[in-house]
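> First the structure, then my questions, so here it is.
The values are calculated or read from the model by the stated rules, or taken from the named source; none is laboratory data. Quick caveat: nothing in here was measured; it's all calculated off a predicted structure. As a convention, Cβ positions derive from the backbone with ideal geometry for all residues, glycine included, and neighbour counts pool all protein chains shown. Surface accessibility is based on the protein's heavy atoms, side chains included, excluding ligands, DNA and RNA. Shrake-Rupley method; radii C 1.70, N 1.55, O 1.52, S 1.80 Å.
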Amino acid sequence: MELRAYVDAIRHQLAVAAAAGGDDARELAERLTAPLDSAIRLALLDALSEAATEITRDLAPGSVDLRLRDREPSFVVTPPPAEQWADEAEPAAAPPPSPPRPPADGEDEATVRISLRLPEHLKTRVEQAAAQAGVSINTWLIRAAAAAVDADSRHHRTDTPRRSGTPTGGQRFTGWVR
């Protein structure tokens, strides 16, 4: 994705606005364009990064990563594992989850931050696994957590006999981990 066209459009709009202010304004606008170039690029990258995060939240355990190469951003889309789609096609699948509740005042809308402490040897293995998958450690951990929760729910659904109206006895968690 080329940011140059967007930066040039903003630069042009600044020049048009400065032309209405006379020679002094035009000179000031010309002096400001170089430092604004970096600020505009950074603002665009922040917006793209936030968009990738929102899409990843909805796509988990798949992901969308924003990568920067030669000052130009690109998106890398990693779809959810194929077996997830096969599991969803089974007729005995659980009903779809209810829509998420709206966040309360002051509550983060869809992501939470947690502190995770790992032994050094496990941290190294997680870093290696994420590098092999070509994703960030955060994305890899999200996928691992989602896969574990999905596998656990499939295990309880198929192996545990359940009588109507009888709770399963465990706790149930829904949502995304970030």
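> Once the piece of chain linking ASP24 and LEU68 is laid out straight, how much longer is it, given 0.36 nm per residue of separation minus the C-alpha distance between them?
Length gained, ASP24 through LEU68: 12.1 nm.
> Take the Cβ-Cβ distance between LYS123 and ALA39 as r, set R0 to 25 Å, and report the resulting FRET efficiency rounded to the nearest 0.05.
After rounding, the FRET efficiency stands at 0.10.
> Shifting gears a bit: So which trypsin sites (Lys or Arg not before Pro) in the range 1-66 pass both tests, a DSSP loop state and at most 15 other Cβ atoms within 10 Å of the Cβ?
Passing both the DSSP loop test and the Cβ count: no residue.
> Something else about it: Of all the accessible heavy-atom surface of the range 10-57, with the other protein chains kept in place and a 1.4 Å probe, what percent is carbon and sulfur?
61 percent
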